[in-house]
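The values are calculated or read from the model by the stated rules, or taken from the named source; none is laboratory data. All of these numbers come straight from a predicted model, not from anything done at the bench. Positions of Cβ are backbone-derived with ideal geometry, glycine not excepted, and every protein chain shown enters the neighbour counts. Heads up: the accessible areas ignore ligands, DNA and RNA and are worked out on the full protein's heavy atoms, side chains in. Shrake-Rupley method; radii C 1.70, N 1.55, O 1.52, S 1.80 Å.
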Amino acid sequence: MDADDRLIADLADDLDAAFERLVIAHQDRLYTIALRMLGDPGDAEEAAQDALVRAYRALASYDRARIAELRLRPWLSTIVLNRCRTVGARRATRGPKPVSIDGDANRPITEPEAPEAATPTAVAERHAERDRWAVRLAALPTAYRTAIVLRHVDGLTYPEAAEALGRPEGTVKAQVHRGIALLRTMLEAETRPEPEEMTA
Amino acid sequence: MTTQLEITDTEATALADLAVRAPSTLRSSVLVEVGLMDRYGRIDESPLGPLVVAWNGVGVVSVDLAGDQEAFEARHLVATGRQAIAAEVPTRLANAIARRLDGDRRVRIPLDLRGHTGFEQDVWRKALEIPRGEVRPYGWIAAEIGRPKAVRAVGTALGHNPVPLIVPCHRVVRSDGFIGQYSLGGPHNKRAVLTEEGLDPDAMESAARRGERLVGCASTKIVCWPTCHTGRHMLERNRRPFRSLAEAGAAGYRPCKVCRPVAAAA
């Protein structure tokens, strides 16, 4: 019985007592999915919040048997992706915010620091490298980006990602592979030397 | 697609590295929205001075006189079983409460009354029907909610009203016409709020001392609670005080359909 199985059992027993544990266990991954789908930290927080609130209301309306059958990781992923579509569509009609990939100045993104890379330069380089990957990922067509975010950023298994997306596993695999191929193409284009830089 | 394009370790690490932590505000925002955690903040203007209001996504949870924050948080936890965290009262909620305190009954303020009994909620819902500038006795609420003998229980329920001023329990007075107790700082405050709403508590208690429970209008032959607004334009020479509904009935008066006076169970 893994942590989610225990959580599911407790949610079925007493939703109000167990729900905070669901939030703590899944908020980082839902926020990550939303941030990588939407690009804007404010939009991502809104989508993640909406998703968790909807999850609570859905659980409150389900009977024990239905809660017991849930698989939290794919189920919550489906909900947050739906909220991302809504928030993203509204953003599209209002016009885009300035591009900001990894949070604004007053809200530093905290992540575990690798002990051997703790010098300021190493940390800065690591952040710069992460920003470059975020930009590449954001440039992918939505279907590929979604599949890669679920499989490789969030770390769902293929069966879980397929369940989250409501698509056959083969389709999700193909989307991930095509997305990876596109990321490589971008990477190659970036590393091609440019004459201006050579003169320095 | 048959070609298996395997992801390299470097790519896998770079993508996994795009996982981030949620902002620290996310958890509390979610818990407040679904009603598992509350926020509280200050409202400066009220007939009783600064207030502290607690709320969540379900509605307003409590209203109290502003005081020590730690003491408030502790009381809140005991009363609701939920943590309350200090915050700014949202403008929309602050405006709605200000309008309600001003006597505007059209403004909707959702209330979170989970954990209270159906009887208590019936009592509070009925108290909401009493207009600003009017009062009704405990016995009236008891009769209106179909529990005519539960007068004392009505008084207890009003004493437990978690959202005073929003649910105007100050507009419910003793069946003998005296002002009675008030949970938000005692009878003195009840008189202050009623005065603010245009009533004269001293005159009301003088009438009570004379035994006047109801007022009839000689021209319409209708008998009302003394503060009913339908009787407000009555000419002084048409004013007939009564000690009871029975006395008014014997004199040929019928009860007002707006304020619905009932036989007072003392």
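Selection of segment B:23-62 for residues being closer than 26 Å to A:TYR31 by Cβ and in a loop (DSSP other than H, G, I, E, B) yields B:PRO23, B:SER24, B:VAL34, B:GLY35, B:LEU36, B:MET37, B:ASN56, B:GLY57, B:VAL58. Scanning segment B:119-152 for residues that are buried (at least 17 other Cβ atoms within 10 Å of the Cβ), part of a helix (DSSP H, G or I) and in contact with a helix residue (DSSP H, G or I) (Cβ under 8 Å, 6 or more places away or on another chain) yields a total of 11. Within segment B:82-95, the presence of at least one residue that is touching a Lys or Arg at 6+ places or on another chain (Cβ under 6 Å) and within 14 Å of chain A (Cβ to nearest Cβ) is confirmed.
Could you tell me which of the residues A:ASP40, A:ASP5, A:ASP10 is touching a residue at least 60 places away in the same chain (Cβ under 8 Å) and among the acidic types (Asp, Glu)?
A:ASP40
Kindly indicate the residue of segment A:1-18 that is of a type in the set (D, E, K, R) and in a helix (DSSP H, G or I) and also farthest from the other protein chains (Cβ to nearest Cβ) among those meeting that condition. If we take residues in segment A:1-18 being of a type in the set (D, E, K, R) and in a helix (DSSP H, G or I), then A:ASP5 is farthest from the other protein chains (Cβ to nearest Cβ). Applying the criterion of being more than 7 Å from every other protein chain (Cβ to nearest Cβ) and open to solvent by 70 Å² or more (accessible area, probe 1.4 Å) to the residues of segment B:1-12, the residue that is modelled with the lowest pLDDT is B:THR2. If the condition is being away from chain A (no Cβ under 14 Å), open to solvent by 10 Å² or more (accessible area, probe 1.4 Å), of a type in the set (Val, Ile, Thr) and touching a residue at least 24 places away in the same chain (Cβ under 8 Å), then segment B:45-60 contributes no residue at all.
The number of residues in segment B:175-199 being crowded, with 18+ Cβ neighbours inside 10 Å and of a type in the set (Val, Ile, Thr) comes to 2. Among the conditions (1) open to solvent by less than 20 Å² (accessible area, probe 1.4 Å); (2) more than 8 Å from every other protein chain (Cβ to nearest Cβ), the only one that B:LEU15 does not satisfy is (2).
Residues in segment B:69-81 that are part of a helix (DSSP H, G or I) and of a type in the set (Gly, Ala, Ser) were compared, and the one that is surrounded by the most Cβ atoms within 10 Å (Cβ to Cβ) is B:ALA79. Residue-level check: of (1) more than 9 Å from chain A (Cβ to nearest Cβ); (2) in contact with a Gly (Cβ under 8 Å, 6 or more places away or on another chain); (3) of a type in the set (Asp, Glu), B:GLU33 misses just (1).
The numbered conditions (1) open to solvent by less than 60 Å² (accessible area, probe 1.4 Å); (2) away from chain A (no Cβ under 12 Å) are all true for B:ARG42 except (1).
Sub-7 Å Cβ pairs linking a first residue in segment A:150-164 that is under 18 Å from B:LEU18 (Cβ atoms) to a second residue that is aromatic (Phe, Trp, Tyr) and modelled with pLDDT of 95 or more, at least 6 apart or interchain, are A:ARG151/A:TYR158, ordered by first then second residue.
Just wondering, is there one or more residues in segment A:28-42 that are more than 10 Å from chain B (Cβ to nearest Cβ) and of a type in the set (D, E, K, R)?
Taking every residue of segment A:28-42 in turn, at least one turns out to be more than 10 Å from chain B (Cβ to nearest Cβ) and of a type in the set (D, E, K, R).
Do we find that A:ARG21 is of a type in the set (Lys, Arg) and either crowded, with 17+ Cβ neighbours inside 10 Å or more than 9 Å from every other protein chain (Cβ to nearest Cβ) (or both) in this structure? So A:ARG21 passes the test. Screening B:ALA84 on (1) within 18 Å of the chain's Cα centre (by Cα); (2) open to solvent by less than 40 Å² (accessible area, probe 1.4 Å) shows it passes everything except condition (1).
Any idea how many residues of segment B:205-247 are in a helix (DSSP H, G or I) and open to solvent by 40 Å² or more (accessible area, probe 1.4 Å)? Qualifying residue count for the region: 9.
Among the residues of segment B:100-118, none qualifies, meaning not one is touching a residue at least 12 places away in the same chain (Cβ under 8 Å), part of a helix (DSSP H, G or I) and surrounded by fewer than 19 Cβ atoms within 10 Å (Cβ to Cβ).
Taken together, the residues in segment B:25-52 that are small (Gly, Ala, Ser) and modelled with pLDDT of 95 or more amount to 4. Once segment B:153-174 is narrowed to residues that are open to solvent by 20 Å² or more (accessible area, probe 1.4 Å) and in a loop (DSSP other than H, G, I, E, B), the residue that is nearest to B:MET204 (Cα to Cα) is B:ARG174.
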